[in-house]
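Some notes on the structure that comes next.
No value in this document is a laboratory result; all are computed from the given coordinates. All of these numbers come straight from a predicted model, not from anything done at the bench. Here the Cβ is made from the backbone with ideal geometry for all residues, glycine too, and neighbour counts use every protein chain on show.
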Amino acid sequence: MEFIADFHLHSKYSRATSQKMDFENLDKWAKIKGILVLGTGDFTHPLWLKEIKEKLESAEPGLFKLKKTNSQTRFILTTEVSCVYSKKGKQRKIHLIIFSPSVEICEKINNYLKLYGNLESDGRPTLNLDAKELTKIVLNISGDCLIVPAHIWTPWFSLFGSRSGFDSIEECFEEYSKYIFAGETGLSSDPKMNWRLSALDKITLISCSDAHSPSNIGREANVFNCELSYYEIVKAIKEKDKSKFLYTIEFYPEEGKYHYDGHRNCGVSFSPKETKKYNGICPVCGRPLTIGVLNRVEQLADRPEDFVPENAIPFKSLIPLEEIIADVLGQGAGTVEVEKQYKNLIEKFGNEFNVLINVPRSDLEAVTLPEIAEGIIRSREGKVFIEPGYDGVYGKIRIFQKGEQKNVLRQGTLF
């Protein structure tokens with residue numbers, strides 16, 4: 001069966017996360033978005049694992065659902081951990097996603113990991129543990145687990161991060177590299193950027209939301225056509241099977257908050273070419289710039305920009321529906337009118353991904369403003385204007401130019 005999955009998110013027990021990140025709200029928003037399989041996130045946190053056991057029950061092999069409901073949403077046991085350690089004379093900060101097939105295996109993993117950090121302090125715990133050693137520990141507990149380096153390009157906490165990462169999978173994981181079957185592209189990169197590295201051909205690129213609030217789930221996701229089970233999903237990822245792993249859904253990478261180089265406090269945002277001109281130094285404060293994802297990809301790439309590997313899983317770049325509506329109306333996301341238009345489209349067409357991917361223009365125009373329909377089509381076709389994000393500042397994306405927005409507002413009033 002074909003379904004959408006988002007594996008990486010956080011619970012209410014993670015820092016800077018909405019208190020609405022509980023199973024009831026995740027189930028509600030999974031239906032709104034059109035997601036069938038959702039990661040639990042944070043199974044390393046004792047209180048969240050307690051809620052997992054109290055609120056979820058087994059469904060298909062390795063998947064779970066809300067107890068005493070007929071909900072179709074399925075949960076897969078996942079967590080993200082932060083490995084902070086020294087290796088080869090440099091401090092490393094690597095975030096990893098762990099997939100587990102059962103609660104019992106989660107408990108065994110937690111019993112080991114609590115020796116290396118305080119699991120109660122954060123839903124994404126900080127561990128004084130080498131990423132290779134963590135991989136060894138988890139896979140020794142169960143070979144059915146999957147280890148995926150998270151948001152592999154972000155500067156501060158990732159496999160290839162400019163501030164604390166490595167230059168290759170092998171440098172990080174050594175002899176355990178053969179057990180790294182996938183990597184998460186992160187919001188600031190897309191598969192096209194990753195295809196420039198031939199070294200990544202051997203792994204599968206997955207995309208997830210890393211959501212800290214319910215409405216952000218699915219801003220990146222994965223589309224499968226396989227049996228609904230933990231083992232079949234993991235198998236499709238490991239084998240990079242294009243008949244079962246159909247495509248990923250991507251943020252426009254420029255909208256991610258680490259795409260360009262720069263300094264947030266200085267208001268400096270540079271392309272890699274501009275950074276080179278200034279020798280990597282901020283012209284305002286004189287300190288080294290935070291090197292973003294695009295620059296880091298350029299450093300490691302051994303292929304041209306338009307290269308597509310033969311076995312590459314395709315992708316679709318989309319803009320969240322609420323952002324499209326907000327841009328059309330010239331309002332902020334979350335305003336009354338934006339929410340009204342959003343709910344109208346969800347009620348008419350079932351869920352957000354159906355609206356963004358499948359519904360024809362004529363059907364959209366029949367139930368909403370023609371400019372909103374136009375915005376959705378432009379998003380599908382990549383006809384957007386983007387100011388790239390940098391040093392922790394999200395990029396700004398626009399579908400309409402300012403003159404077009406005025407026309408939209410006038411016609412919207414008539415409508």
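Some values worked out for this structure:
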| read-out | value |
| --- | --- |
| Alpha-carbon Rg with Dmax, taken over segment 208-325, Å | 18.3, 55 |
| Theoretical FRET efficiency, 1/(1+(r/R0)^6), r = Cβ-Cβ of Glu107 and Glu175, R0 30 Å, to 0.05 | 0.65 |
| Proxy reagent accessibility, fewest Cβ within 10 Å first, across Ile203, Ile233 | Ile203, Ile233 |
| Cα-based equivalent ellipsoid of segment 217-264: semi-axis lengths in Å, sorted from largest, via gyration tensor | 30, 10, 10 |
| Relative compactness, segment 320-414, computed as alpha-carbon Rg over 2.2 N^0.38 Å | 1.05 |
| About the Cα centre, charge dipole magnitude for the chain (Lys/Arg +1, Asp/Glu -1 at Cβ), debye | 700 debye |
| Aspartates and glutamates whose Cα lies under 20 Å from that of Lys276, excluding same-chain neighbours fewer than 8 positions away | Asp167, Glu254, Asp261, Glu298, Asp302, Glu305, Glu387, Asp391 |
| Neighbourhood charge, 12 Å Cβ-Cβ cut-off, centred on Arg196 and excluding it, Lys, Arg +1 and Asp, Glu -1 | -3 |
| Length-normalised contact order of the chain in % [C-alpha pairs under 8 Å, at least 6 apart] | 15 percent |
| Over 32 Å between alpha carbons, listed pairs Lys65/Lys348; Lys50/Lys240; Lys108/Lys238; Lys12/Lys88; Lys28/Lys87 | Lys50/Lys240; Lys12/Lys88; Lys28/Lys87 |
| Highest to lowest packing among 148-156, 358-366, scored as the average C-beta count within 10 Å | 148-156, 358-366 |
| Debye intensity ratio in log₁₀ form over the Cα atoms of segment 75-220, taken at each q of 0.08, 0.09, 0.14, 0.21 Å⁻¹ | -0.20, -0.26, -0.64, -1.51 |
| Average Cα contact separation per residue, segment 320-414, under 8 Å, 6 or more apart, as relative contact order % | 29 percent |
| Lysines with Cα under 25 Å of Lys277, excluding same-chain neighbours fewer than 8 positions away | Lys257, Lys396 |
| Ranking of Cys208, Cys282 by count of other Cβ atoms within 10 Å, fewest first | Cys282, Cys208 |
| CD proxy at 222 nm, helix term only [per DSSP H run n ≥ 4: -39500 (n - 2.57); per residue of the chain; nearest 500] | -9000 deg cm²/dmol |
| Extent along principal axes [Cα atoms of the chain; Å; largest to smallest] | 64, 61, 42 |
| In segment 204-301, trypsin sites (Lys or Arg not before Pro) in a DSSP loop with at most 15 other beta-carbon atoms within 10 Å | Lys242, Arg264 |
| Gained length - Glu54 relative to Leu115, 0.36 nm times residue gap less alpha-carbon distance | 19.4 nm |
